[in-house]
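Student: Here it is, the structure, as structure tokens.
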Amino acid sequence: MRSLFILSIIGAAACVSGPDPGGASSGGAEEGADPPGEGEGEGEGEGSGEGEGEDPGPPVGRGEGEGEGEGEGEGEGEGPTPGALCGLELRGALASASEGMTYPSENDYPFQVVYWPDEPGPLTEDRVRNLVGAVVEDSFERIGVDDFFEWLETAPPGAHENTVAEAARFAALRALLEGNISDLAVFRIGEIEIDVYVIGHTECEEIAGVSTVSIET
């Protein structure tokens, strides 16, 4: 009995102190792999860095399109009026429209086309005097386009057909002038034999229009 009891104690001690195969296997797996905390931290850091580093900004295509659209609109808005005449083309049109027409006064005078190239800037009194060669002593008056044309382009009721046709020609001449000259005005210079200039600026920065003479004693 004593010997059996000793053998039993030795066997039990061997079982308690021997290596645990399952524990050794689990410890090897933990040493071979990255710690869970470190692996997850690096993955999140890389993903976050890529997202914050990229700056999407405004879409390039949209920005270019808006810029081009605004530029073209402003440019077109600030350019010459489509279809406006100037230079030789306008002078030819004015000559045809006023051919054979006279300004009715005490002595009827024909209309002539007048033209000064490269003349930007406002039509001041001094400037007009210099253009037409008027002296300081000559009286100077500026009147409205309506005041000049209204009675010329209006035929009285029952007027002769020639008078009606002449009024229609004056209306057409006015339309041609106003349609191609931006700051049309009428200048009367002198006394008794008054030089009349219906002029303004064209889209080519020239001064053009028609002139005639009004005899007023």
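What follows draws every value from the coordinates through simple rules; no lab data is involved. Computed from a predicted structure; not experimentally measured. Virtual Cβ from ideal backbone geometry, glycine too; neighbours counted across all protein chains shown.
Student: From the square roots a ≥ b ≥ c of the eigenvalues of the alpha-carbon gyration tensor of segment 85-195, which class results: rounded (a/c under 1.5), prolate (a/b over b/c), or oblate? Mind showing how you got there, number by number?
Tutor: Values: a/c = 2.03, a/b = 1.36, b/c = 1.49.
Note, shape of segment 85-195 comes out oblate.
Student: Would you work out if segment 144-217 is rounded, prolate or oblate? Take a ≥ b ≥ c from the square roots of the eigenvalues of the alpha-carbon gyration tensor; rounded if a/c is under 1.5, else prolate when a/b is larger than b/c, oblate otherwise.
Tutor: Note, shape of segment 144-217 comes out oblate.
Student: Excluding Asp146 itself, what net charge comes from residues whose Cβ is under 12 Å from its Cβ, given Lys and Arg +1 and Asp and Glu -1? Walk me through the numbers before you get to the answer.
Tutor: Values: positive: Arg174; negative: Asp147, Glu150, Glu153, Glu178.
Summing Lys and Arg as +1 and Asp and Glu as -1 gives -3.
Student: With a point put 7 Å past each Cα toward its Cβ, work out how far Asn107 is from Glu119 in nm, to one decimal.
Tutor: Roughly 2.6 nm, to one decimal.
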